[in-house]
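Asker: Shown below is the structure under consideration.
The values are calculated or read from the model by the stated rules, or taken from the named source; none is laboratory data. Note that the coordinates shown come from a computational prediction; the quantities given were computed from them, not determined experimentally. Note: ideal-geometry Cβ built from the backbone for every residue, glycine included; neighbour counts use all protein chains shown. Accessible surface areas use protein heavy atoms only, side chains included; no ligands, DNA or RNA. Shrake-Rupley method; radii C 1.70, N 1.55, O 1.52, S 1.80 Å.
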Amino acid sequence: MENSSICFGVYEGDPARGNAEQIGFARAVSDFCRFGWIMDVFILGEFRGRGLSKWLMEVITEQSDLKDAAKLMLATNDAHGLYAQYGFKTIKNRDLYMERKL
């Protein structure tokens, strides 16, 4: 989390009063201008189905400092439908992207 540009938490309760339980999270690395990579998005299982992941994506894409980034990217195994609602599409030129694993 220390090296992330911006982190988002979802809580049940009131964090200001110290009686909140963290139930969701997302983080991003970005230059806040040209590019942002959203990662580690989750809502705990027992809190799913309440629209919290949609609310979290709304905050990230429309209300945070990431809203003006020219390109936002992410990777997902199973939430394509969720992210499509916020303008994310399958990468057309996949051959342009490379990775290096240590």
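Asker: Across the range 76-102, what is the total count of residues that are of a type in the set (A, V, I, L, M) and surrounded by 10 or more Cβ atoms within 10 Å (Cβ to Cβ)?
Answerer: Count: 4.
Asker: Across the range 37-64, which residue is most open to solvent (accessible area, probe 1.4 Å) among those that are of a type in the set (Phe, Trp, Tyr) and outside any strand (DSSP E or B)?
Answerer: In this case the residue turns out to be 55.
Asker: All but one of (1) open to solvent by 70 Å² or more (accessible area, probe 1.4 Å); (2) of a type outside the set (A, V, I, L, M); (3) assigned to a loop (DSSP other than H, G, I, E, B) hold for residue 4; which doesn't?
Answerer: It fails just one condition, (1).
Asker: Going residue by residue through the range 68-82, is there one that turns out to be part of a helix (DSSP H, G or I), farther than 13 Å from residue 8 by Cβ and within 12 Å of the chain's Cα centre (by Cα)?
Answerer: yes
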